[in-house]
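Heads up: the structure comes next, in structure tokens.
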Amino acid sequence: MSMSTENNRKNKPYNESEPALLEEAGLTDDGMDTEENAEASMAWTVEEEQAGERIDKHVTDALANPSISRSQVQEWIRAGLVTVSSEKVKPNAKVAAGDEIVVVFPEPESLEALPENIPLEIVYEDADVIVINKPRGMVVHPAYGHSSGTVVNALLYHCKDLSGINGVMRPGIVHRIDKDTSGLLMAAKNDLAHASLAAQLKEHSVNRRYTALVYGNVPHDRGTIDAPIGRDKYDRKMFAVTEKNSKRSVTHFAVMERFNDYTLVELRLETGRTHQIRVHMKYIGHPLVGDPMYGGRSGRTLGMNGQALHAGELGFVHPRTGERHDFEAPLPADMEHALHMLRNR
């Protein structure tokens, strides 16, 4: 785990000549959003203090999702969707320290993405691609606990046709951003466009920039956080920097403006892990203002209700024409208000 830094009195953000740094294909701005149950599976290792627990209780506690009951977990165990060290077990089986638990989430048969007349802020649209500016608080696609009111429901009403590569629950969705992250999101209207955009994400050729307001005075003007991210051993809904069952995660940051006890930063992702920006900024002692999971402090004193994180820039090569398209979305009103308060106090 490491963080390399650089001081520059001019506090310049990244320029356009630098390589585009972003997520892996199919992940969100900081990876897949557990608030949307976006992952198809979960895996973890049983700790010493958990040894002897029944597998059904152990899994239910680990998932810590009020919409997933113990009886539901028992059904998954009987169906073979829960394994212990690659073996199927019965619901009353006891776990041992070091056991590898894997849960594969079934896609709810009763859950269907339906068109809904929800207003969208459309930044760009043609026959292949649509780019929207997603508001804070809007979930990207239906999942447990969010069966309606999502971006997908709105897109199905507006576009009628979307690519089917990601299935009936996530039509057109090439990447995701967290529920409480605002900003630019692209969707594919057909499979040709979807394949092209997904390939660009995987090749790291899509340009994306994020702006965040964090707690504290970040001392370095620029830096790179290279620290692996995995499930938090104490709260399975959260993620943390850990060497155990983790993946290499790299975030680059540059200071844009300082306010003594707050800092405005620009971020680019070299990898795309779950909640990566939020986890990494907490790791270096500067959590996002208003972050309900990783912030540790309320951002509502600055008018925020949700993490102060905005996907403000998106650029890609058009899948049909081959032309470069670059888009920008201004900061949302709540972040602008927070900055106004800081600049005028």
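The values are calculated or read from the model by the stated rules, or taken from the named source; none is laboratory data. From a predicted model like this one, the values you see are computed outputs, not experimental measurements. Cβ sites come from the backbone with ideal geometry, for glycine too, and all protein chains shown count toward neighbours.
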Worksheet item: When you go through Thr242, Thr224 one by one, which is the residue that is surrounded by fewer than 22 Cβ atoms within 10 Å (Cβ to Cβ), closer than 21 Å to Asp61 by Cα, of a type in the set (Ser, Thr, Tyr) and at pLDDT 90 or above?
Response: Thr242
Item to complete: Could you tell me whether region 296-317 includes any residue that is under 27 Å from Ala198 (Cβ atoms) and of a type in the set (Ser, Thr, Tyr)?
Response: no
Discussion item. Looking at Ser163, Ser205, Ser196 in this structure, which one is in contact with an Asp or Glu (Cβ under 6 Å, 6 or more places away or on another chain) and either hydroxyl-bearing (Ser, Thr, Tyr) or more than 30 Å from Asn65 (Cβ to Cβ) (or both)?
Written reply: Ser163
Response to the item:
Within region 75-89, the residues that are touching a helix residue (DSSP H, G or I) at 6+ places or on another chain (Cβ under 7 Å) and in a loop (DSSP other than H, G, I, E, B) are Val89
Fill in: Unmet criterion (only one of (1) touching a Gly at 6+ places or on another chain (Cβ under 9 Å); (2) in a loop (DSSP other than H, G, I, E, B); (3) surrounded by 20 or more Cβ atoms within 10 Å (Cβ to Cβ)) for Arg278
(2)
Discussion item. Name the residue that is surrounded by the most Cβ atoms within 10 Å (Cβ to Cβ), counting only residues in region 61-109 that are farther than 20 Å from Lys233 by Cα and among the acidic types (Asp, Glu).
Written reply: Glu75
Practice prompt. Please identify the pairs in which a residue from region 331-345 that is assigned by TED's automatic domain parsing to the domain that holds Met304 has its Cβ atom under 6 Å from the Cβ atom of a residue that is of a type in the set (S, T, N, Q), counting only partners at least 6 apart or on another chain.
Written response: Pro332/Ser182
Worksheet item: Across region 201-221, which residue is farthest from Met256 (Cα to Cα) among those that are surrounded by 20 or more Cβ atoms within 10 Å (Cβ to Cβ), of a type outside the set (Val, Ile, Thr) and under 18 Å from the mean Cα position of the chain (by Cα)?
Response: Leu201
Worksheet entry | Residues satisfying the stated conditions in region 164-195, i.e. of a type outside the set (A, V, I, L, M), closer than 13 Å to Val129 by Cα, under 21 Å from the mean Cα position of the chain (by Cα) and surrounded by fewer than 24 Cβ atoms within 10 Å (Cβ to Cβ) | Pro171
Worksheet item: Of the residues that sit in region 128-160 and are among the small types (Gly, Ala, Ser) and out of contact with any Lys or Arg (no Cβ under 8 Å at 6 or more places or on another chain), which one is surrounded by the most Cβ atoms within 10 Å (Cβ to Cβ)?
Response: Ala143
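Just checking, which of Ser196, Ser163 is modelled with pLDDT under 90, of a type in the set (S, T, N, Q) and touching a Lys or Arg at 6+ places or on another chain (Cβ under 9 Å)? First the steps, then the outcome.
Working: Ser196 fails: modelled with pLDDT under 90.
Sole residue among the options that is modelled with pLDDT under 90, of a type in the set (S, T, N, Q) and touching a Lys or Arg at 6+ places or on another chain (Cβ under 9 Å): Ser163.
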Worksheet item: Is region 47-60 home to any residue that is farther than 18 Å from Asp235 by Cβ and among the β-branched types (Val, Ile, Thr)?
Response: yes
Worksheet item: So Thr263 fits all but one of (1) touching a Gly at 6+ places or on another chain (Cβ under 6 Å); (2) crowded, with 21+ Cβ neighbours inside 10 Å; (3) β-branched (Val, Ile, Thr); what number is the exception?
Response: (1)
Worksheet item: List, please: which pairs have Cβ atoms under 8 Å, are six or more places apart or on different chains, and start with a residue in region 52-71 that is farther than 11 Å from Val103 by Cβ and end with one that is of a type in the set (S, T, N, Q) and loosely packed, with under 13 Cβ neighbours inside 10 Å?
Response: Arg54/Asn92; Asp56/Asn92
Discussion item. Just to verify a result, which residue in region 245-283, among those that are small (Gly, Ala, Ser) and at pLDDT 85 or above, is nearest to Leu342 (Cα to Cα)?
Written reply: Ala254
Worksheet, complete the sentence: Considering residues that are without any contact (Cβ under 8 Å) to a residue 40 or more places away in the chain and in a loop (DSSP other than H, G, I, E, B), the number found within region 175-218 is 1
Worksheet, complete the sentence: Being among the aliphatic types (A, V, I, L, M) and under 17 Å from Thr181 (Cβ atoms) narrows Ile284, Ile229 down to just Ile229
